[in-house]
Amino acid sequence: MTIYARRRAAVARALKAAGGGVALLPTAPEQSRNRDSHFPYRHDSYFYYLTGFDEPESWLLIDASGKSTLLCRPKNLEREIWDGIRLGPKAAPAALGVDAAHSVEQLDQLMPQLLANQSALWFPFATHPGLESQIDGWLGQLRAKVRLGVICPQSQHDLCGVLDEMRLIKDRHEVAIMRRAGEIAAQAHVRAMRTSAAMLRAGQDAREYHLDAELLHEFRRHGSQFPAYTSIVAAGANACVLHYRAGAAPLKADELCLIDAGCELDGYASDITRTFPAGGRFSPAQRQLYDIVLEAQKAAIAATRPGKRFLDPHHAAVRVLAQGMLEVGLLDRKKHGRTEDVIESGAYRQFYMHRTGHWLGMDVHDCGDYTEPGTRAREEIDATGLAVMRRPSRVLRPGMVLTIEPGLYVRPAKGVPREFWNIGIRIEDDALVTDKGCELLTRGVPVQADEIEALMRG
């Protein structure tokens, strides 16, 4: 638990540097699915980052002196028979390394006392519906006692800003978990590829949900608690829908299948996308587009290193994709001009409409500013000709983890070669920025087209 104690101490130092105060953080509530049934419980990422505690109905307070106080569910034999053993306030200090612990049943009674005589209150803004109203009620009780000498916090600050900066740089403990999560997810993708080819070779009715089941099986078999997000298993034209969910569409041997899936392990996510021929062999048209996307990813990986900016991998990928679109005829040179013209006009967005990556960590789209703190915004002209104010994107530093995921999505359209219609391709890996470049955490699943075909023949 020393990992979490160090993180709480860092929060306390940040509060002290800002003039003092107390930080207040609840965990996530349980969510009802329907009558007498809940969704599988998942803690709040910020709360778990500071405690390693995954019981619902919990609250954490940290003051500028470094004292931490936990409120959690009390021991209850009847509820423990139904729902499982609770840690309880008595055992919490020794188990979690906090200084004090109380029953959450005393929340409304204790909170005004715990917030009294603090100069400022820090809590996560706009993350917990109803939290602001609760805080207003507790502060209202304090204001009613100011004539008795009680001090009410005079300012409120967003705790997310402090925690986002901390979570953006992963420590060795986090990297080890994310590396293992990447290994598990890669094995799941391998399993899905092999299953697709084997079922089609055997003449079986193969569906998207069959591969989704294989992913889930492999995740749990290796100890992952959950999928990190709803898995995308998209056969044929469905791959052109960016957030498509695995359904009942059949896998066809002459079509591609796109799988975007990752697991969550001990609170940390992996995120992998692979696109493969459902029957095990790329057609010439599929291979042409696949190789363009792979070259775009290689360019983006080369641009992912310390000192580069977050958007540099995206710009590197876009250049390769735009050039490839012109070379294979997705875009007409007579109409769109050179690669630079395609980039400047934004014409490439017909086939590539998202960024090449995002932060990854406890959340799939993890917290952290995408622009460099302390820099001034400058006016730029975007692809539509509008003037926008932008700050320079974030400088990449060792310990940051981001995805690298270029793609091409070709829907039927006038002027688009028919052999490319309904082909959707994305290739995604998780990259840890290191001192000299980046480490790909998810290459346990093949990415070269020849290697994919060889895997699926095996």
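The values are calculated or read from the model by the stated rules, or taken from the named source; none is laboratory data. All of these numbers come straight from a predicted model, not from anything done at the bench. Ideal geometry is used to build each Cβ from the backbone, glycine not excepted, and the neighbour counts take in all protein chains shown.
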Filter result (closer than 13 Å to W122 by Cα and either in contact with a Ser or Thr (Cβ under 7 Å, 6 or more places away or on another chain) or crowded, with 16+ Cβ neighbours inside 10 Å (or both)) within the range 1-17: V11, A12, A14, L15
Residue in the range 89-96 that is in contact with a helix residue (DSSP H, G or I) (Cβ under 7 Å, 6 or more places away or on another chain) and either of a type in the set (K, R) or touching a residue at least 24 places away in the same chain (Cβ under 8 Å) (or both) present: yes
Strands (runs of 3 or more DSSP E) wholly inside the range 322-405 that include at least 3 residues being surrounded by 18 or more Cβ atoms within 10 Å (Cβ to Cβ), touching a strand residue (DSSP E or B) at 6+ places or on another chain (Cβ under 6 Å) and in the same structural domain as R274 (by TED's automatic domain parsing): 401-404
Meets criteria (in contact with a helix residue (DSSP H, G or I) (Cβ under 6 Å, 6 or more places away or on another chain) and either in contact (Cβ under 8 Å) with a residue 24 or more places away in the chain or outside the structural domain of P313 (by TED's automatic domain parsing) (or both)) for A431: no
Matching option when the condition is of a type in the set (D, E), touching a Ser or Thr at 6+ places or on another chain (Cβ under 6 Å), buried (at least 18 other Cβ atoms within 10 Å of the Cβ) and on the phi < 0 side of the Ramachandran plot, among D271, D312: D271
Within the range 1-111, strands (runs of 3 or more DSSP E) holding 1 or more residues that are assigned by TED's automatic domain parsing to the domain that holds H173 and either within 21 Å of P129 (Cα to Cα) or modelled with pLDDT under 95 (or both): none
Tabulated pairs, the range 132-158, first within 17 Å of L110 (Cβ to Cβ), second charged (D, E, K, R), C-beta under 8 angstrom, 6+ apart or interchain: G137/D108; W138/D108; C152/R143
Residue, surrounded by the most Cβ atoms within 10 Å (Cβ to Cβ), within the range 121-137, restricted to residues that are in contact with a strand residue (DSSP E or B) (Cβ under 8 Å, 6 or more places away or on another chain) and under 19 Å from L70 (Cα atoms): W122
